[in-house]
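Have a look at the structure below, then the notes.
Coordinate-derived values only; no laboratory data. Keep in mind that what you see is a predicted model, and the values were worked out from it rather than measured. Don't worry about glycine lacking a Cβ; one is built from the backbone with ideal geometry, like all the others, and counts go over all protein chains shown.
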Amino acid sequence: MKLARSKNGSADSVQDTAGPSDPTHGARHVAIIMDGNGRWAKRKHLPRALGHKKGVEAVRNIVRAGGELGLEVMTLYAFSSENWNRPEEEVSDLMGLLRQYIQSDIEEFVENGVRLKVIGNYRALASDIVAMIDNAIERTAGNRKMTLAVALNYGAQDEMLRAVRNIASRVKAGEMEPEAIALDDIAAALDTADLPPLDLLIRTSGELRLSNFLLWQAAYAELYFTEALWPDFDRIELEKALQSFGHRERRFGGR
Ligand code: IPE
Ligand code: IPE
Ligand code: MG
């Protein structure tokens, strides 16, 4: 988004030129590290699995809200390439919830114009999940209202490794010279190739780290951290994050 400074140029008087009537405040692509399901359950003396179940409800609400607010893309970190290190039972709970979520929400995606996309090496998931995902991607491919990009078995370092291998094999095949590799070629080899630039990266639950999420894409994204645990993150919280985004002055290295 374009931001204009007021006459006195002070940082607290940055104007939100997208206008208060634009609920996205100019953000096209918002990504969320959905963290804190376990702590949410712990605080309520409930099993972790229930925290994850509540987390899925939060996903459902936030996808609806994102579409209604007019976001073009929401990218949600659902399962990292490092989350395999969790106890087998928890991984299996999470995969079960993923199955349920795709099955129960695919019709709503179709109805609401949501295009499903998956980033990450999802082909390494169980074959029935891969089939479900491929089917959902195909059924929603023509949808234009919003793209929901779900990060599954995603790690930014793994994504970059796969991109490097892809580019290296084209060089080896004589299709391009090493010196000709441009930044755009790298961006085009990433899982997010067809998405607009990342504007806002949100992390819930108070942790101040990226945990291997969208490292390349976050180069000039605005960051927003909230103490809210993921199951408590709702439309109001999303609106707060977008409002904060609206007050940022993005410079991209310029002055
Ligand atoms: C996020 O919640 C969900 C996933 C990573 C799948 P966590 O399960 O990480 O919850 P905390 O961080 O232990 O509270
Ligand atoms: C990041 O959360 C991954 C997802 C939200 C899917 P984690 O809970 O796995 O991250 P760390 O381990 O606290 O860095
Ligand atoms: Mg966590």
Check your understanding: Regarding Leu76, is this residue within 16 Å of ligand 3 (Cβ to nearest atom) and under 18 Å from Ser211 (Cβ atoms)?
Key -> yes
**Study point:** Contacts under 6 angstrom Cβ, first residue in the range 221-248 being in contact (Cβ under 8 Å) with a residue 40 or more places away in the chain and within 17 Å of Gly38 (Cα to Cα), partner away from ligand 3 (no atom under 16 Å from the Cβ) and in a helix (DSSP H, G or I), 6 or more apart
**Key:** Ala228/Glu237
Review point. Which residue, of Asp191, Asp158, Asp199, is among the acidic types (Asp, Glu), farther than 20 Å from Gly67 by Cα, touching a residue at least 12 places away in the same chain (Cβ under 8 Å) and buried (at least 20 other Cβ atoms within 10 Å of the Cβ)?
Key: Asp191
